[in-house]
Structures are given as C-alpha cells and as structure tokens.
Amino acid sequence: MTDTTDALTIAPALRLLDWYQSMGVDVALGAEPINWLARGAVKPGADFLMPRTVEVARRAASAPARPADAASARTLRQPAPPPAAPQAERRAAPSIATPTAPPPSVRAFVATAPDAAVAAARKAAAGAATLDALAEALATFDGCGLKATAKNLCFYRGAAHARLMIVGEAPGREDDLAGAPFNGAAGELLEKMLVAIGATSAACHLSNAVYWRPPGNRHPTPHELDVCQPFLERQVALVRPDILLLLGAAAARQVMDTSDGIMRVRGKWRAQEIGGHSVRAIASLAPTYLLKSPLAKQNAWRDFLAIKAALAK
Ligand code: URA
C-alpha cells in the first residue's frame, strides 16, 4: 500500500474521531485497567499515539506539491504545505517519525495519573508570582485532559484585581472560541445582573472552576475540578477579592468543599480560606441554568442584592 492510500484510509477514521469528540466523547477507555504504578517513567500519552499515522501525515504534508499528495494532506487536516524550502533547510527540519514528538496538529491524549496531575498542578501554580505567570503556567500545563479537546485556554476576563471575583463552572463554546470566560448568552445575562447591582464584568474578575471547555459542554468531572483547583486557589490569592461569587453547583461544591446541592448552599455567606486568602464566599445559580429556567431568576436576584449590600460596606 502506498502512503497516499494510507492517508485516504485514515481520513474517514479521523472524521469519525471528530464526530465522537463533538458528541462529547473525550476519553478513550480500554477494556483492561491500567496499572499506573507499573508504567514507571513512561511519558503520559505515549501509548496513545499512532506513530504510523503521525509519520504518514507528516510525510503527506511535506512531500513536493503534486495534486494527489496535496489532496491527501488536506484529508489529514494538515496546513497547506509551505513553499518548497531550500534543500539545506529541509534537511535541518526535526526528525518526524518519533512517537514522542508529534507534529503540532497531532494531539496526544493526556493520560497522567490522577494524583500525579494534581501534584504537578500544585507545583506549577505555587511557582506563579503574578497572574501573567499563572497564565503561562496554565498554558504549559498538560495534566488536565480537557486541554486535549479545547481550542483555547480560558483564564479570566475583567479586572486583574477586583473586590468581586466570580467563578463559574466551565467555559462553554463561545468562551472556548474567544479564549475567555462568560461570553455568549450566559455572559450577556451575567453582565445585565452585574449592571443591575451597580457593577460591570470589566470591574470584576471572572473565571471558572476549570480552565478549558469540557467537550459538548458536559459538566467537568471531579478529577478535572481537582486538577484545576491549585490554579484557582493561586488565582484567588493573586486577585485578593473581598467577595467570591460561585456560580453553579460545580463551582460551589469545589470551592466550599460540600456535597450539598446548589439550592441548599446558594445565598448563604461563608468565611472561606482559599489559597491562604480569607474571603467572604456566596454561591448562586449559574447563568446557563437561568437561561433555561427563568423562574429561578428571582432566587439569583436575591443573591445579587446580598452581594450589592456587601459591596456597599
Ligand atoms: N461561561 C463560562 O465561562 N462559565 C460558565 O459557568 C458558563 C458560561
């Protein structure tokens, strides 16, 4: 079989994977359990690469521009091949067929052991002395599986330092595209609620309990929340808000460390220690929920009035 034939055979498989991903399937589970301890120093994700696919894709993209090759390269979602480089430059290009060095367009599944990922997150977050450094630490952190399917990191929107910090559940589609939290209809509703209590999103610090969009807008898993938690704690310590507003059950449960439902915890102030910073925390309903259940807005309005009163002090 020629490489071109291989590439054409792979194209439908990649389309199927795309479809799975858009349907919210983000983790490939095997029939056999994985003994993480026995893996020793094996690089996370190494087992999940398809070296032959990587090699074929790379060769298809870098081959001289013949019409058939150009077509097969497109089926593999590679960028159009650059104009032919001088021979010496092409020889200097990095070697292509190693499973541990995929080209940028081929993303390995992240398969870091859960505890190791949380420990790595703690270390990365603790070393960040500023919000910019924290953004950099998140951008280079590979321990959260959500990063494999998200388009962009969504760190924060609004003011770097603010009296009111708002933490939602997770970025949605518009946020993922924009690379910032609370865009789209949910962001518009939140903005209206903030304006109604004399604030704006530009004057607040807006973020989420996880920093990448869960595929298909599913809820983040407890592990994804745990992995992002050290970054969130550091973020709170750097922003130093007076008030922390947690929007939705996932953010409330994670930060307040409770298993109670959102209807039970919402609207009640709590003194919260987070990242070594003391803050008054209150939970309310997620704007995505309010868009689907407008009657619940009366509860959210009560919570926002309580925040307005607290900000006035
Ligand atoms: N967009 C966000 O960034 N967070 C939410 O919780 C909802 C929408």
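The values are calculated or read from the model by the stated rules, or taken from the named source; none is laboratory data. As the structure is a prediction and not an experimental result, all values here were calculated from the model. Reconstructed Cβ throughout: ideal geometry from the backbone, glycine too, with neighbour counts over all protein chains shown. Surface accessibility is based on the protein's heavy atoms, side chains included, excluding ligands, DNA and RNA. Shrake-Rupley method; radii C 1.70, N 1.55, O 1.52, S 1.80 Å.
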Q) Hey, any hits in segment 187-197 for a residue that's touching a helix residue (DSSP H, G or I) at 6+ places or on another chain (Cβ under 8 Å), assigned to a loop (DSSP other than H, G, I, E, B) and within 16 Å of the ligand (Cβ to nearest atom)? A) no
Q: Return the only residue of 267, 216 being in the same structural domain as residue 118 (by TED's automatic domain parsing), on the phi > 0 side of the Ramachandran plot and in a helix (DSSP H, G or I).
A: 216
Q) Which residue pairs have Cβ atoms under 7 Å apart, sit 6 or more places apart or on different chains, and have a first residue in segment 284-295 that is open to solvent by less than 10 Å² (accessible area, probe 1.4 Å) and a second that is charged (D, E, K, R)? A) 284/266; 284/303; 285/266; 290/297
**Q.** Test: residue in segment 155-163 that is crowded, with 17+ Cβ neighbours inside 10 Å, small (Gly, Ala, Ser) and within 13 Å of the ligand (Cβ to nearest atom)
**A.** yes
Q: Give me a count of the residues in segment 198-211 that are within 11 Å of the ligand (Cβ to nearest atom) and either free of Cβ contacts under 8 Å to residues at least 12 places away in the same chain or of a type outside the set (S, T, N, Q) (or both).
A: 4
Q | Meets criteria (in contact with a helix residue (DSSP H, G or I) (Cβ under 8 Å, 6 or more places away or on another chain) and either acidic (Asp, Glu) or at pLDDT 95 or above (or both)) for residue 294 | A | no
Q | Members of segment 171-197 that are at positive phi and touching a residue at least 60 places away in the same chain (Cβ under 8 Å) | A | 182
Q) If you go through segment 118-146, how many residues are more than 16 Å from the ligand (Cβ to nearest atom), in a helix (DSSP H, G or I) and in contact (Cβ under 8 Å) with a residue 24 or more places away in the chain? A) 10
